[in-house]
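The values are calculated or read from the model by the stated rules, or taken from the named source; none is laboratory data. The shown structure was predicted, so the numbers you read here are calculated from the model rather than taken from an experiment. Positions of Cβ are backbone-derived with ideal geometry, glycine not excepted, and every protein chain shown enters the neighbour counts. The protein model used for the area step is the full one, side chains on, heavy atoms only, and it has no ligands, DNA or RNA in it. Shrake-Rupley method; radii C 1.70, N 1.55, O 1.52, S 1.80 Å.
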Amino acid sequence: MERLQKVIAHAGIASRRKAEELIVKGKVKVNGVVVKELGTKVSGNDRIEVEGVQIESEEKVYYLFYKPRAVISAASDDKGRQVVTDFFPNIPQRIYPIGRLDYDTSGLLLLTNDGEFANAIMHPRYEIPKTYVARLKGLPSREAIKKLEHGIMLEDGKTAPAKVKVTSFDKKMNKAIVEITIHEGRNRQVRRMFDAIGHPVSKLKREKLAFLTLHGLNAGEARELTPHEVKLLRTLSETGSIK
(Lines give C-alpha, C1' and ligand atoms only; values in the text may rest on other atoms or scores of the structure.)
Protein backbone atom coordinates (compact mmCIF):
# COMPACT_ATOMS: atom_id res chain seq x y z
CA MET A 1 0.00 0.00 0.00
CA GLU A 2 1.27 3.47 -0.93
CA ARG A 3 0.01 6.99 -0.34
CA LEU A 4 -2.31 8.19 -3.09
CA GLN A 5 -0.30 11.32 -3.89
CA LYS A 6 2.84 9.23 -4.27
CA VAL A 7 1.14 6.87 -6.72
CA ILE A 8 -0.08 9.82 -8.78
CA ALA A 9 3.40 11.33 -8.84
CA HIS A 10 5.01 8.05 -9.84
CA ALA A 11 2.54 7.74 -12.72
CA GLY A 12 3.99 10.96 -14.11
CA ILE A 13 0.74 12.91 -13.78
CA ALA A 14 2.06 15.62 -11.49
CA SER A 15 4.61 16.36 -8.80
CA ARG A 16 3.88 15.08 -5.30
CA ARG A 17 2.88 18.57 -4.14
CA LYS A 18 0.60 19.15 -7.15
CA ALA A 19 -0.94 15.70 -6.60
CA GLU A 20 -1.78 16.71 -3.02
CA GLU A 21 -3.49 19.86 -4.31
CA LEU A 22 -5.55 17.82 -6.76
CA ILE A 23 -6.65 15.46 -3.99
CA VAL A 24 -7.69 18.27 -1.63
CA LYS A 25 -9.67 19.93 -4.45
CA GLY A 26 -11.64 16.73 -5.04
CA LYS A 27 -10.12 16.05 -8.46
CA VAL A 28 -9.15 12.46 -7.63
CA LYS A 29 -11.31 9.34 -7.45
CA VAL A 30 -10.40 5.90 -6.12
CA ASN A 31 -12.65 3.11 -7.36
CA GLY A 32 -15.22 5.71 -8.42
CA VAL A 33 -15.29 7.58 -5.10
CA VAL A 34 -13.88 11.09 -4.64
CA VAL A 35 -11.04 11.06 -2.10
CA LYS A 36 -9.85 14.23 -0.35
CA GLU A 37 -7.79 12.69 2.47
CA LEU A 38 -4.04 13.07 1.90
CA GLY A 39 -3.27 10.06 4.10
CA THR A 40 -5.28 7.69 1.88
CA LYS A 41 -3.36 4.58 0.86
CA VAL A 42 -4.03 2.55 -2.28
CA SER A 43 -2.83 -0.71 -3.79
CA GLY A 44 -2.03 -1.76 -7.33
CA ASN A 45 -5.56 -3.17 -7.65
CA ASP A 46 -7.29 0.17 -7.07
CA ARG A 47 -8.61 2.19 -10.01
CA ILE A 48 -7.43 5.79 -9.72
CA GLU A 49 -8.79 8.68 -11.79
CA VAL A 50 -7.30 12.18 -11.90
CA GLU A 51 -9.66 14.81 -13.35
CA GLY A 52 -11.69 12.06 -14.97
CA VAL A 53 -8.75 10.24 -16.56
CA GLN A 54 -7.66 6.83 -15.24
CA ILE A 55 -3.95 6.68 -14.54
CA GLU A 56 -1.74 3.87 -15.72
CA SER A 57 0.92 2.43 -13.47
CA GLU A 58 4.51 3.03 -14.52
CA GLU A 59 6.64 0.09 -15.54
CA LYS A 60 8.68 -0.90 -12.50
CA VAL A 61 12.42 -0.32 -12.91
CA TYR A 62 15.40 -1.15 -10.71
CA TYR A 63 18.89 0.36 -10.95
CA LEU A 64 22.21 -0.21 -9.24
CA PHE A 65 24.13 3.08 -9.07
CA TYR A 66 27.70 3.89 -8.09
CA LYS A 67 27.12 7.09 -6.16
CA PRO A 68 30.04 9.54 -6.20
CA ARG A 69 30.94 11.63 -3.18
CA ALA A 70 29.40 15.12 -2.89
CA VAL A 71 26.03 13.95 -4.27
CA ILE A 72 22.73 13.98 -2.34
CA SER A 73 20.83 10.68 -2.00
CA ALA A 74 17.49 12.17 -3.02
CA ALA A 75 15.36 12.94 -6.06
CA SER A 76 15.63 16.70 -5.47
CA ASP A 77 17.39 19.21 -3.22
CA ASP A 78 16.07 22.59 -2.11
CA LYS A 79 19.62 23.96 -2.00
CA GLY A 80 20.26 23.15 -5.65
CA ARG A 81 22.95 20.56 -4.97
CA GLN A 82 23.53 17.62 -7.29
CA VAL A 83 21.29 14.63 -6.54
CA VAL A 84 21.47 10.99 -7.59
CA THR A 85 18.58 11.26 -10.06
CA ASP A 86 20.59 13.85 -12.02
CA PHE A 87 22.57 10.88 -13.32
CA PHE A 88 19.42 9.40 -14.95
CA PRO A 89 18.31 12.18 -17.32
CA ASN A 90 16.75 9.84 -19.88
CA ILE A 91 14.71 7.66 -17.53
CA PRO A 92 10.96 8.39 -18.02
CA GLN A 93 9.98 6.87 -14.67
CA ARG A 94 10.10 8.88 -11.44
CA ILE A 95 12.77 6.89 -9.64
CA TYR A 96 14.12 7.54 -6.16
CA PRO A 97 16.89 6.04 -3.99
CA ILE A 98 16.27 3.11 -1.67
CA GLY A 99 17.68 4.37 1.60
CA ARG A 100 20.56 6.77 1.42
CA LEU A 101 24.29 7.26 1.47
CA ASP A 102 25.71 10.33 3.16
CA TYR A 103 26.75 13.30 1.04
CA ASP A 104 30.42 12.48 1.58
CA THR A 105 30.04 8.69 1.20
CA SER A 106 30.35 6.94 -2.15
CA GLY A 107 29.31 3.52 -3.34
CA LEU A 108 26.43 1.20 -4.08
CA LEU A 109 22.92 2.62 -4.03
CA LEU A 110 19.70 1.19 -5.48
CA LEU A 111 17.04 3.32 -7.17
CA THR A 112 13.54 2.29 -8.18
CA ASN A 113 9.92 3.42 -8.62
CA ASP A 114 8.64 0.30 -6.84
CA GLY A 115 7.57 1.39 -3.37
CA GLU A 116 6.79 -2.09 -2.08
CA PHE A 117 10.23 -3.32 -3.15
CA ALA A 118 11.93 -0.28 -1.59
CA ASN A 119 10.16 -0.78 1.73
CA ALA A 120 11.18 -4.44 1.85
CA ILE A 121 14.82 -3.62 1.20
CA MET A 122 14.94 -0.79 3.76
CA HIS A 123 13.02 -2.39 6.61
CA PRO A 124 15.42 -3.32 9.45
CA ARG A 125 13.69 -6.63 10.20
CA TYR A 126 14.88 -8.05 6.88
CA GLU A 127 18.53 -7.63 7.90
CA ILE A 128 19.98 -7.25 4.41
CA PRO A 129 23.78 -7.00 4.81
CA LYS A 130 25.64 -3.88 3.67
CA THR A 131 29.42 -3.88 3.41
CA TYR A 132 31.51 -0.72 3.63
CA VAL A 133 35.22 -0.01 3.29
CA ALA A 134 36.46 2.75 5.58
CA ARG A 135 39.76 4.59 5.75
CA LEU A 136 40.38 5.37 9.40
CA LYS A 137 42.53 7.82 11.23
CA GLY A 138 44.80 5.85 13.54
CA LEU A 139 45.30 2.12 14.01
CA PRO A 140 42.40 0.42 15.86
CA SER A 141 43.33 -2.17 18.45
CA ARG A 142 41.90 -5.69 18.52
CA GLU A 143 39.89 -4.70 21.60
CA ALA A 144 38.34 -1.78 19.69
CA ILE A 145 37.42 -4.04 16.77
CA LYS A 146 35.80 -6.50 19.18
CA LYS A 147 33.56 -3.73 20.50
CA LEU A 148 32.20 -3.22 16.99
CA GLU A 149 31.82 -6.96 16.46
CA HIS A 150 29.74 -7.34 19.63
CA GLY A 151 27.75 -4.15 19.19
CA ILE A 152 28.64 -0.71 20.49
CA MET A 153 26.53 1.84 22.34
CA LEU A 154 25.64 4.96 20.35
CA GLU A 155 23.39 7.85 21.39
CA ASP A 156 20.40 6.13 19.73
CA GLY A 157 21.07 2.70 21.25
CA LYS A 158 23.37 -0.26 20.92
CA THR A 159 24.23 -1.44 17.42
CA ALA A 160 23.73 -5.00 16.25
CA PRO A 161 26.87 -7.16 15.98
CA ALA A 162 28.98 -6.32 12.92
CA LYS A 163 31.52 -8.21 10.88
CA VAL A 164 34.80 -6.30 10.89
CA LYS A 165 38.09 -6.98 9.11
CA VAL A 166 41.23 -4.83 9.07
CA THR A 167 42.48 -5.20 5.49
CA SER A 168 45.56 -2.95 5.74
CA PHE A 169 47.31 -0.48 8.01
CA ASP A 170 50.10 2.04 7.67
CA LYS A 171 51.98 2.78 10.90
CA LYS A 172 54.00 5.54 9.27
CA MET A 173 50.90 7.38 8.00
CA ASN A 174 48.90 6.32 11.08
CA LYS A 175 45.88 5.08 9.13
CA ALA A 176 44.06 1.81 8.47
CA ILE A 177 41.62 0.37 5.95
CA VAL A 178 38.76 -1.57 7.53
CA GLU A 179 35.91 -3.55 5.98
CA ILE A 180 32.68 -3.60 7.99
CA THR A 181 29.35 -5.34 7.33
CA ILE A 182 26.20 -4.20 9.12
CA HIS A 183 22.49 -5.00 8.78
CA GLU A 184 21.08 -1.74 10.12
CA GLY A 185 20.66 1.61 8.42
CA ARG A 186 20.81 4.34 11.04
CA ASN A 187 21.86 7.84 10.07
CA ARG A 188 25.63 8.01 9.54
CA GLN A 189 25.89 4.75 11.46
CA VAL A 190 29.25 3.49 10.23
CA ARG A 191 30.94 6.83 10.82
CA ARG A 192 29.46 7.05 14.32
CA MET A 193 30.56 3.51 15.15
CA PHE A 194 34.16 4.29 14.29
CA ASP A 195 33.96 7.63 16.11
CA ALA A 196 32.84 5.68 19.18
CA ILE A 197 36.11 3.69 19.23
CA GLY A 198 38.20 6.82 18.67
CA HIS A 199 39.07 6.30 15.00
CA PRO A 200 37.20 8.77 12.77
CA VAL A 201 36.52 7.89 9.13
CA SER A 202 38.35 9.96 6.56
CA LYS A 203 36.82 8.17 3.55
CA LEU A 204 33.88 5.77 3.26
CA LYS A 205 32.48 3.63 0.45
CA ARG A 206 29.68 1.08 0.34
CA GLU A 207 30.96 -1.81 -1.76
CA LYS A 208 28.24 -4.44 -1.36
CA LEU A 209 24.56 -4.78 -0.64
CA ALA A 210 23.63 -8.44 -0.12
CA PHE A 211 25.14 -10.19 -3.19
CA LEU A 212 25.33 -7.01 -5.31
CA THR A 213 28.67 -5.31 -5.99
CA LEU A 214 30.02 -2.35 -7.97
CA HIS A 215 31.86 -4.62 -10.40
CA GLY A 216 32.23 -3.03 -13.82
CA LEU A 217 31.03 0.43 -12.77
CA ASN A 218 32.84 3.71 -12.30
CA ALA A 219 31.60 6.48 -10.02
CA GLY A 220 28.51 8.07 -11.55
CA GLU A 221 27.60 5.01 -13.62
CA ALA A 222 24.59 2.72 -13.26
CA ARG A 223 23.09 -0.47 -14.61
CA GLU A 224 19.67 -2.07 -14.46
CA LEU A 225 19.23 -4.97 -12.10
CA THR A 226 18.42 -8.19 -13.89
CA PRO A 227 15.01 -9.82 -13.24
CA HIS A 228 16.88 -12.61 -11.45
CA GLU A 229 18.63 -10.13 -9.14
CA VAL A 230 15.31 -8.46 -8.32
CA LYS A 231 13.79 -11.86 -7.56
CA LEU A 232 16.72 -12.80 -5.31
CA LEU A 233 16.42 -9.53 -3.38
CA ARG A 234 12.70 -10.09 -2.90
CA THR A 235 13.39 -13.60 -1.63
CA LEU A 236 16.10 -12.34 0.71
CA SER A 237 13.83 -9.65 2.13
CA GLU A 238 11.04 -12.18 2.72
CA THR A 239 13.00 -15.14 4.08
CA GLY A 240 16.39 -13.79 5.12
CA SER A 241 18.06 -16.28 2.77
CA ILE A 242 18.50 -16.86 -0.95
CA LYS A 243 19.55 -20.50 -0.67
key: Whole-percent carbon and sulfur share, accessible surface of segment 9-135, 1.4 Å   = 44
ask   = When the accessible area of segment 188-243 is split by element with a 1.4 Å probe, what percent falls to carbon and sulfur?
value = 50
query = Counting only heavy atoms of protein chains, what accessible area per residue, in Å², does the chain have with a probe of 1.4 Å?
reply = 56
note = Two pseudo-spin positions, 7 Å from Cα along C-beta at Gln54 and at Arg234, lie apart in nanometres by 2.3
message = Rounded, prolate or oblate for segment 70-201? Axes are the square roots of the Cα gyration tensor eigenvalues, ordered a ≥ b ≥ c, and the cut-off for rounded is a/c under 1.5.
response = prolate
query = What pairs in Lys67/Lys205; Lys130/Lys203; Lys165/Lys205; Lys67/Lys208; Lys171/Lys208 have C-alpha atoms more than 18 Å from each other?
reply = Lys171/Lys208
query = What 222 nm value per residue comes from the helices of the chain, counting each DSSP H run with n ≥ 4 as -39,500 (n - 2.57) and dividing by all residues, nearest 500 deg cm²/dmol?
reply = -6500 deg cm²/dmol
note = For Leu4, Leu38, Leu232, the accessible-area ranking with a 1.4 Å probe, largest leading, is Leu38, Leu232, Leu4
request  = Give, as ranges by residue number, the residues of segment 32-67 whose backbone N falls under 17 Å from the point 7 Å along Cα→Cβ of Val24.
outcome  = 35-40
remark   = Rg/Rh of segment 137-178 (Cα atoms, Kirkwood Rh), to two decimals, equals 1.05
query = What number, in percent, do you get for the relative contact order of the chain if the mean sequence gap of Cα pairs under 8 Å and at least 6 apart is divided by its residue count?
reply = 20
task = Work out the length of the dipole vector of the chain about its Cα centre, built from +1 on the beta-carbon of each Lys and Arg and -1 on the beta-carbon of each Asp and Glu, and round it to the nearest 20 debye.
result = 980
key: Spin-label model distance (nm) - Thr167 vs Arg16, 7 Å beyond Cα toward Cβ   = 3.4
inquiry  = From the P(r) of the chain, could you give the percentage of C-alpha pairs in the tail past 28 Å?
reply    = 42
request  = Once you have the Kirkwood Rh of segment 123-243 from its Cα pairs, apply Stokes-Einstein at 10 °C and 1.306 mPa s and quote D in µm²/s.
outcome  = 102
task = Go through Asn174, Val28, Ala75 and say which Cα lies farthest out towards the positive end of the charge dipole of the chain; charges sit on Cβ, +1 for Lys and Arg, -1 for Asp and Glu.
result = Asn174
